[in-house]
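The structure appears below as C-alpha cells.
Where a number appears in this text, it was derived from the coordinates with a stated rule and is not lab data. This structure is a prediction, so every number in the text was calculated from the model and none was measured. Neighbour counts run over all protein chains shown; Cβ positions are idealised from the backbone, glycine included.
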Amino acid sequence: MTVVEQTTPAAPAKQKQVSQSYWALVWWKFKRNRIAVLGGILLLSFYFGFVFIPEFLSPYELNHTSDFVEAPPTKLHFIDTEGKFHLQPFVYGMERKLDFKTRARTYVEDTTRMYPISLFIHGDEYKLLGFIPSDLHLYGVDQKANPEAIVLIMGADALGRDWFTRILYGGRLSLMIGLIGQVMTIIFGMTLGVMSGYYGGMIDQVIQRTTEFLNAFPDIPLFMALAAAIPTFWSPIAVYFMLTIILSFVRWGGLARQVRGLILSLREREYVLAAKSAGASDARIMFRHLLPGTMSHVIVIATLAIPGMILSETALSWLGLGLRAPLTSWGVLLQDAATVRAIHTTPWELWTVPFILVTILAYNMLGDGLRDALDPYGTR
Amino acid sequence: MAPDMQTQTTEAKAKPRNLLEVKGLKKYFPIQKGLLRKTVGYVKAVDDVNFFVREGETLGLVGESGCGKSTAGRSIIRLYEPTAGDVLFRSRHLGGEGNGLINLMGLPPDKMKTIRKEISMVFQDPINSLNPRMTVSDIVGEPMFIHGQRMGPETEAVIVNLLERVGLRPDHLRRYPHEFSGGQRQRIGIARALSLNPQLVICDEPVSALDVSIQAQTLNLLQDLQQDFNLSYIFVAHDLSVVQHISDRVAVMYVGKVAEIADAEELYSAPLHPYTEALLSAVPKADPLYKSDRIVMQGDVADPSNPPSGCYFHPRCRYAQEVCKLKNPELRELKPDHFVACHRAEELKLEGI
Amino acid sequence: MVNYIIRRILYAVIMIVLVSFVSFVIIKLPPGDFLTQKLAQLRARGDRSAEGQIETYRKRYNLDKPFMWQYSTWAWNFIQGDFGESFEYERPVSEMLGERVTMTIILSVATLIVVWILAIPLGVYSAVKQYSMGDQIITTISFLGLGMPGFLLALLVLYFAITVLNVEATGLFSKDYIDAPWSWARVGDLINHLWIPAFISAVTGTGGLTRIMRGNLLDTLGQPFVEAARARGLANGTVIWKHAVRIAINPLIVILGSEAIPGIITGGGLVSIVLNLPTITPLFVDSLRKLDMYMAGTCIVFITMLLLVGNLLADLALAWADPRIRLD
Amino acid sequence: MSKPLHDPLIEVKDLRVEFDVRAGIVKAVDGLTLTIHRGKTLGVIGESGCGKSMTARAILNMIPKPGKITNGEIIYHRRMKNSLESQVDDIIDLTKVDPDGKVIRQIRGGEIGMIFQEPMSSLTPVYTAGVHINEAVSLHHLVPLQKVGDQIGEQVQAHRKVTKEESRVIAIDMLRRVGIPKPEERVDNYPHQLSGGQRQRVMIAVALSCEPAMLIADEPTTALDVSIEAQILDIMRDLQQSANMAIMFITHNLGVIASMAEEIVVMYMGKAVEQGKVLEIFQNPKHPYTQALLRSIPKLGKKKTGERLASITGMVPDPFNLPTGCVFHPRCPMFMAGKCDKIAPQWKKVGEDHSVSCLLYE
C-alpha cells in the first residue's frame, strides 16, 4: 500500500500518449498472463472444434457402427514388419478372436494388411454446420478402397462405434450446455440482482428470501430431484433444454446476491450521486452507471461458474438423471465407462475424462487470469 | 420576468437577496436490527438545521466528522430524501410564490429535474466521483445529455470551452479518469458541475483529498469561476482555514445541528459559541510563534444516534451549566446576521483568532 | 447468543419443512409413481396377480390417499422418528439410513480435517513466498485440483486400483466387517478404507481452499495492522501466524459454511457413488430413479439438515473467531 | 544522568530507497541526510509521494517489497536500557542488520516505536487493546522493571518475563497515561469498540509502553478531527518531556509541524530541499518550494476578502521520469534556464542551523 503512494501520482497520464479505455487496459493486462491466454486459446479451439466442426475432425459419422465391438485403440505404425520407415502412418487390419472358454473377445493385428492413414479423406457424408454438405474428414483410412479397414484411435464401444468420434460429438452438447446455461443464469441473476439492490423494499425482500431458499437446498440433490422429474417420454431435445433451464434455475440465486451486494456499494459511489444530482433517471443510473460497474465481477463469476455447469450436466447424465442414450454428451459417455466392469474390459472409454478435465482446467485458467486483469475489486 | 429580476438585483446590491433558505431540515437514518429489520432508533445526521444562502456568496459549512455537514448538503437537492423541513430556492426557470422562492420539498420529479440544472454538486473523492468507464467528454457532457442535449459538434464545443475554463486541454476530451492526477480529476468534476450553468454549487469537501499545492490551485479556480459565472457556493469542509479563506459566511455544525452562523471574519475573530471557540483554538496554526492557551475539548464527538440531553455540546463544554444539560438551545440572531445556539452566548466572553 | 441459536434452529426447521415439501412435489411431478413402475415390471414377468398385489401395496403405503394427506402424515410420523417405509426394499427407511448418516458425517468430517490441515499451511506458504518456486508449484497443483471433479478422480483412482494394484477399492469395509458390530478391528478396517476417499477429497478440495487462503493472506499482509505489528518488534512468524493468518482465516470460515460443507456433502456424495461407499447420496439417487418417495424425502431432509447444521456451526465458529461479529 | 540529553540518536546519511516496479525504478528516497537528536522533535514535511513515509520505514528496516535500501547508512547510537550491563553503548548501522533478525526486532518497538496514519486499521481487529500492549511489553521485557520496579526487587528479576497480572497493570497504566477514560474497562475492548481517537491513543500507548528512545509518528493525526488531533498532540508533547524521547514527526500539515517540531526537513520527490530550525524555516524560508508551500496554505485568522492563494503551478512530476538538474525546476517560479535544468544543487548553509539545496544560493 505504501508503494502505491510512491507510484500513482500523475504517472499514467504522461506515459501513454494514446488514451486507453477500461477494456483496452484489461486486454493489455490479460495478454501478459500466459496461463490465462493459454486457457483462452484452448477454450476457443475446443468450442470451435467440438461445436462447429466435430463432423470434420472425426473420421466417421456418429452412428457409424462396425463389427469391431469393444475393440481397443488401434495402434498407429510408422515402421512396418520389415523395419521400413513410412512417413505416412498406417494401421494394420484387425482380426477378432473369441475365446470360448472365458467368453472374452480379443483383437489381434493382421500384419499382412496395411492401411495408410491420410489427411483430408473422403468418407461418411455429413452437413457441416447443419447445411453445408460434405464428406471430407480430417483423417482416416480410405473406406471406399478398403471397406474392411478401420481406425479407432481411442477404441470402440459396444456397438463398434469410434470412441473418439463420440467424444467429439459429445463435446458439442456438454460445452454448449455450460455456455447457454450460464448466459441464462446471468440474465436471471443480473436482472433480479439489480432490481433487488436498486429498488429495495418488497422486491428486494421477495428476491432475497427466494435466493436464501435456493441456497438452503443442497444443489446437486436439487438438480437430481428436478432432473428426475423430467418425464421419460420427452424427446431428447426437450430433455436437453429442460436440463439447461434447471441448471440455470438452481444457480441464479448466488449471482443475484453478489450483484445485489455490488449494486448496494456502487449506489453510494460519488459518481452515481453526481448523475443523480444532475437529474439522471433510474434507468440511466442503472444501465449507464451501475451495471457496467458490475460487469467485470459478473464476467469473472460467470467464467468460473461455467465448469460447474458442465460438470453438473456430466454428473447428472452419468447418474442417469440427465441426458439419455440417443443423445451423446460427455456425461452419457461416462455412463458407459464408469462401471467396474467397463474399467476391466474397456478402459479406453475413460478417454472422456481427460477431455472434461482439460476443459475445466482451461476455464479455471482463463477465469483466474480474467480476475487479475479485470480486477473487479479495484485494488490497483 | 427576467428583466424584472435584473433590476431587483441591481437595486439590492447592498444586500443581495436570499437564493436558498433551509428551514428545519432533518435527515434521520433508521437503525434497523433483527430478522424483521425492525427500526430500533435513528441516526439523527441532520437535526433541525436552518440557514440561508445569498445570491453570489459562499456559505461555508464546517464541523468535525459526523456532524452532518455532507448529509445536509446532499439533502438540500434531495439526493437523500429529507425526513422533514423545507428548502426554498429562487429558481430562474420555475416561478415561486410570493417572495419568488420555490419549495423543493415535495416538488414533482419533472420540476425537480429542472431545479437540478440550477443546483449542482462537486464531490470529495477525485477517484470515486468520476465513472471510470466514461471518457471526460461523456462525464462533463452527461448533465447536458440528461437534460436533452444530444452529443454533437455544438455540445462538444461547449464541453471544450468548459475544460479550458477549468484549466484542462481540449485533447483531454477522449481520455479516461484514471489517466489524470487527483487535481485534474477534481477539475473534471468542477467542469461537470458547471455544464448546465447553475446558480448554486454545493461543494462537498472538494479539496480535502488533495495535496497542499494542488489544494491552492483548486481553491483559486473555484474563486475565479464564482466571479465569472456569478455562482453561489455552499462549501462543505472540515478544514477551518480553507473554509475561512473561501467563505463569505460560515455555519459551524455540531452533531446534526447548527451551532453558529456568522460572517466569516466575525465568526473567526469574535465567536459566540463555545464550540466555535474551542474548534478555532484546536486548529494547529502554521506559525511556530503562535502560542495560545489551547482549549482542549475532552472526549469524543457525541454519537448522533444517541446524543446527550440538552445542548449536545455540554459534556465537552467548559462553560456548561445546569441549563445546558436540560434545555436544547435555539438558534437565535444575537447580532445582525450572527446566529448562535447557546444558552450563555450573551454572558460569555469568547476568544477568536 | 442463545436467542440467536434458537432463532436459527427455528429458521432451519422452516427450511426443512419447505425443502421436504418441495421435494415431495418434485417427486410427484413425473407421471406415474413407484407402483406403476412395479406393475410394469410384474406384468413383464408375466405375473398374473400383479393388479392385486399393487392394490395391496397402494393401501399399505397410503398411495390411494390425496397428496396433502400423504405428506402431512409422513411429516407427522417423521417428527416422531418414523420415516416411513421404502417401497423398493420394503423395510423401514430409518433402518436403512441409520448407519449411512453416521458414515456421511464421519466421511465429511474426515474430509474437512484433511483439507484444512493441508490447505492452510500451503496457502500460507504460497502467500508468504509469493512468486517463489514453491508458490508456483503449489499454484499449479491447486489449479489441477480445482479442475478435478471428485467423481472423475474417483473413477481414475478406481481405474488405477483395478489395472495396476489389482484391487477393488470400493466400499468402506472389507467383506468380513460390513455387517459386523462395531469393534476396534472394524474401526481399523474403516480407517484402512477411508484413505481413498480422503485422498480424493484432499486432492479436489485442497486446491480451491489453498487459492482462497493465499488470496486472503496476501490481502491481509498488505494491511496496516500487519506493518504495525512488525514495527512492534514481533518476529516474522508471530506477525504472520498470530496477526495475519488469524484474520485471513475468517473469510475461510464463511466459505466453510456457504460452500465447503455443501461441496463436501454433495461432491462427496458423487464420490460415494463411484466408490460404492455407504453414505446417504447413493441411496438417494437410487430412490429418485425408482420414485421411492419416502426414502427420497427422508434422504433429502437429512442432507439438508446436515447442511444447515454445518452452516450454523460455521457461523458460530466465525462469531467465536471474530469479535467484530455479534450474533443477535 | 551524566549522559548528554540531546546528543545524536539517529543519523541518516545519503539514504536511497528504490522500488523496482514493472514500469521502471522509482526513487522513493534519493540521497537523504538528516540527524535526529535525543529528546527533540524532528519534523519531516512534504506532499504525498515525497518519500517521507519510506524514510521512516527505512529507519526500522521495514521497506515493503519490491523496495529496498540501495545506498547510504542509518547510524543508530544505541544506549542499552537499564539492563545489568547498562552502561554499554553501541553504534549500529540499521541498513546492515538482518531485517528479520533479533537485533532489529529488539529495536523495533523496544527502542524505536512507531505510530501510523490509520488508527482504524493499525490494530489487529481480533485482539483487545490490552493484548496489543502486552505483546509489546512481554517482547521487550526489560521495561517492566522501571514500571513496577518499586513493587518487586529490581536487581534480582532483571531478565524475568513479565507475568500476566503485571502486564495487565502496565497496560491499564499506559492507557491511563494516554488519557483514555476508564482504562480498566477499555483494556478489554476490541478495536471496533473504540473511537478513532481512542484507537490512536492505544497505538501511542503500545508504542510508548516500552519507553522507546525514539517515536516515529507517520501522519498520526491526519485521519482525526481537529479536537481529537489537539488531544493527541498534547499527549505526545507531555510524554516526550517526561521520557526525554526523540520524535520523528511526519506530516503534510504545516500547522501541526509548526506546533510540534523543533527542527524541520522539507522533502520533495525523495530529496530533502531545506532543513533547519522551525522558526527559521517558517519565518525565513529559502527554497522556492518551501516558500510556495508556506504561501499556498490559507492562514487562519488572517483573511483579506477576495485574496488569492499563491499556488505552485504544475503538478508533481512522474516518478519514473524525474526532471534533470533540480527536480523542482519545472514548477519553480525562480527557474534559471540553463542552470536549474542542468546542475543538481548541493547543500548550502544559509544560516546557523539552516541549510538549503538550491542553486539560487550557490
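Ordered by packing density, taken as the mean number of other Cβ atoms within 10 Å over each peptide's residues, highest first, how do D:93-101, D:35-43, B:294-302, B:339-347 rank?
My ranking of the peptides, most packed first, is D:35-43, B:339-347, B:294-302, D:93-101.
Quick one: of the DSSP bridges fully inside the protein assembly as shown, what percent are antiparallel, nearest 5?
70 percent
Hey, what D do you get for the stretch C:2-79 in µm²/s if you plug the Kirkwood alpha-carbon radius into Stokes-Einstein at 37 °C and 0.692 mPa s?
219 µm²/s
A:Ala145 label point, 7 Å along Cα→Cβ, cut-off 15 Å on backbone N: hits in the stretch A:69-110?
Flagged as within label range: A:87-93.
Relative to the longest principal axis of the C-alpha atoms of chain D, give the angle of the C-alpha long axis of helix D:164-177, reported between 0 and 90° and rounded to the nearest 10°.
Helix D:164-177 sits roughly 40 degrees off the main axis of chain D.
With Rg and the Kirkwood Rh both taken from Cα atoms, where does Rg over Rh land for the stretch A:165-373?
1.07
Among D:Ile115, B:Ala251, B:Gly189, whose Cα sits farthest toward the positive end of the charge dipole of the protein assembly as shown (+1 at Cβ of Lys/Arg, -1 at Cβ of Asp/Glu, about the Cα centre)?
B:Ala251
Roughly how many nanometres apart are two label points built 7 Å out from the Cα toward the Cβ at A:Ser235 and D:Asn244?
Taking the two extended label points, one gets 9.7 nm.
List the residues, sorted by chain then number, that are 5 or more residues from D:Asn71 or on another chain and whose placed amide H is less than 5 Å from its amide H.
Answer set, sorted by chain and number: D:Arg16.
Please state the charge dipole magnitude for the protein assembly as shown, taken about the Cα centre, from unit charges on C-beta atoms (+1 on K and R, -1 on D and E), reported in debye and rounded to the nearest 20.
780 debye
Three principal axis extents, largest first, for the C-alpha atoms of chain A, in Å?
85, 55, 42
Mind checking which of B:Ile76, B:Ile31, B:Ser129 is farthest towards the positive end of chain B's charge dipole, using Cβ charges of +1 (Lys, Arg) and -1 (Asp, Glu) about the Cα centre?
In chain B, that residue is B:Ile31.
Distance from the Cα centre of the stretch A:173-249 to that of the stretch C:32-105, in angstrom?
The two parts, judged by their Cα centres, are 30 Å apart.
Over the stretch A:77-159, calculate the relative contact order: mean separation of alpha carbon pairs under 8 Å at least 6 apart, over the residue count, as a percent.
Contact order relative to length: 22 percent.
Can you list the lysines whose alpha carbon is less than 24 Å from that of C:Lys38, not counting same-chain residues fewer than 8 positions off?
Result set, ordered by chain and number: C:Lys28, C:Lys59, C:Lys65, C:Lys290.
How crowded by other chains is B:268-280, given as the mean number of beta carbons from other chains within 10 Å of each beta carbon?
1
With charges set only on the Cβ (+1 for Lys and Arg, -1 for Asp and Glu), what does the dipole of chain A come to about its Cα centre, in debye to the nearest 20?
1320 debye
Using Cα springs under 10 Å in a Gaussian network model of chain B, which residue among B:Arg192, B:Arg90, B:Arg318 shows the largest mean-square fluctuation?
In the Gaussian network model the winner is B:Arg318.
To make sure I understand the rule: partners must be lysines, Cα under 29 Å from the Cα of A:Lys144, and not fewer than 8 residues away in the same chain. Which ones qualify?
Output for A:Lys144: A:Lys75, A:Lys84, A:Lys97, A:Lys127.
Kyte-Doolittle cut-off -1.0, length cut-off 15 Å along the helix's own axis using Cα: show which whole DSSP H helices in chain B pass.
B:136-146, B:153-165, B:182-194, B:212-229
At a Förster distance of 45 Å, what's the computed FRET efficiency of C:Arg326 paired with C:Val22, Cβ-Cβ distance as r, to 0.05?
0.85
Taking springs between alpha-carbon atoms closer than 10 angstrom, which of A:Ala227, A:Ala104, A:Ala302 fluctuates most in the Gaussian network model of chain A?
Fluctuation is largest for A:Ala104.
Could you work out how far the C-alpha centroid of the stretch A:21-98 sits from that of the stretch D:273-300, in angstrom?
If you average the Cα positions of each part, the centres end up 74 Å apart.
Assuming R0 = 51 Å, can you tell me the calculated FRET efficiency for the pair C:Asp82 and B:Asn230, based on Cβ-Cβ distance, to the nearest 0.05?
With R0 = 51 Å, the Cβ-Cβ based efficiency is 0.05.
So if I take the centroid of the Cα atoms in the stretch B:246-287 and the same for the stretch D:312-359, what is the distance between those two points in Å?
After rounding, the separation between the Cα centres reads 39 Å.
Where in the stretch B:120-200 are there chymotrypsin sites (Phe, Trp or Tyr not before Pro) that are in a DSSP coil and have at most 12 other Cβ atoms within 10 angstrom of their Cβ?
Answer in residue order: no site qualifies.
Which whole number gives the average count of other chain Cβ atoms within 10 Å of the Cβ atoms across peptide A:353-365?
4
Give me the mean projected area, in nm² to one decimal, of the convex hull enclosing the Cα positions of the stretch A:77-159.
7.5 nm²
Given a Förster radius of 45 Å and the C-beta distance between D:Asp20 and B:Ser269 as r, what FRET efficiency does 1/(1 + (r/R0)^6) yield to the nearest 0.05?
0.25
Once the dipole of the stretch A:165-373 is set up with Lys and Arg at +1 and Asp and Glu at -1 on Cβ about the Cα centre, which of A:Ile180, A:Phe217, A:Ala283 lies farthest towards its positive end?
Checked the options; the winner is A:Ala283.
When ranked by the protection proxy of mean other Cβ atoms within 10 Å per residue, highest first, what sequence do the peptides B:162-170, D:331-339, A:157-165 form?
For the peptides B:162-170, D:331-339, A:157-165, the packing ranking is A:157-165, B:162-170, D:331-339.
Run lengths n ≥ 4 of DSSP H only: what is the helix-derived mean residue ellipticity at 222 nm for chain B, with -39500 (n - 2.57) per run over all residues, to the nearest 500?
It lands at -9000 deg cm²/dmol.
Can you give the average number of partner chain beta-carbon atoms within 10 Å of each beta-carbon in peptide D:281-288, as a whole number?
Averaged over the peptide's residues, the number is 1.
What distance in nm separates the simple spin-label points at A:Leu128 and A:Ile245, each placed 7 Å from Cα in the Cβ direction?
About 3.6 nm separates the two model spin labels.
Spelling out what I want: for every residue of the stretch D:52-67, take phi, set θ = phi - 60°, compute 6.51 cos²θ - 1.76 cosθ + 1.60 (Karplus), and round to whole Hz; glycine and proline get x.
Result, ordered by residue: 5, 5, 5, 4, 4, 5, 5, 4, 8, 6, 10, 5, x, 5, x, x Hz.
So which lysines pass the test for D:Lys182, namely a Cα distance under 30 Å, with those fewer than 8 places away in the same chain ruled out?
B:Lys33, B:Lys44, B:Lys257, B:Lys325, B:Lys327, C:Lys242, D:Lys147, D:Lys161, D:Lys164
For chain A, what are the DSSP H helices with axial Cα length of 27 Å or more and mean Kyte-Doolittle hydropathy of at least -1.0?
TM-like helix candidates: A:163-199, A:236-266, A:291-319, A:352-374.
Considering every pair of different Cα atoms, what Kirkwood radius, in Å, is found for chain D?
21.8 Å
Cut-off is 10 Å between beta-carbons; in what order do C:Val25, B:Val243 appear when sorted fewest neighbours first?
C:Val25, B:Val243
Let me check I've understood the local charge: for D:Gly270, count other residues with C-beta under 11 angstrom from its C-beta, Lys and Arg +1, Asp and Glu -1. What total comes out?
Result for the neighbourhood of D:Gly270: +2.
Suppose every Lys and Arg Cβ carries +1 and every Asp and Glu Cβ carries -1, with no other charges. What dipole size does the stretch C:94-321 come out with about its Cα centre, to the nearest 20 debye?
Using only the charged Cβ atoms, the result is roughly 700 debye.
In the structure shown, do any of B:Lys27/B:Lys285; D:Lys271/D:Lys299; B:Lys27/B:Lys113; D:Lys65/D:Lys348; D:Lys299/D:Lys348 have a Cα-Cα gap over 31 Å, and if so which?
Pairs exceeding the cut-off: B:Lys27/B:Lys285; D:Lys65/D:Lys348.
Skipping prolines and chain starts, which residues have an amide H placed within reach, meaning under 5 Å, of the one on B:Val122, given they are 5 or more residues away or on another chain?
Counting only residues 5 or more places away or on other chains, the set is B:Ile202, B:Cys203, B:Asp204.
Under 13 Å from the 7 Å Cα→Cβ point of A:His344, by amide nitrogen: which residues of the stretch A:290-327?
Counting backbone N atoms under 13 Å from the label point, the list is empty.
Around A:Asp135, what is the net charge, scoring Lys/Arg as +1 and Asp/Glu as -1 over all other residues with Cβ under 13 Å from its Cβ?
Overall, the nearby charge balance is -3.
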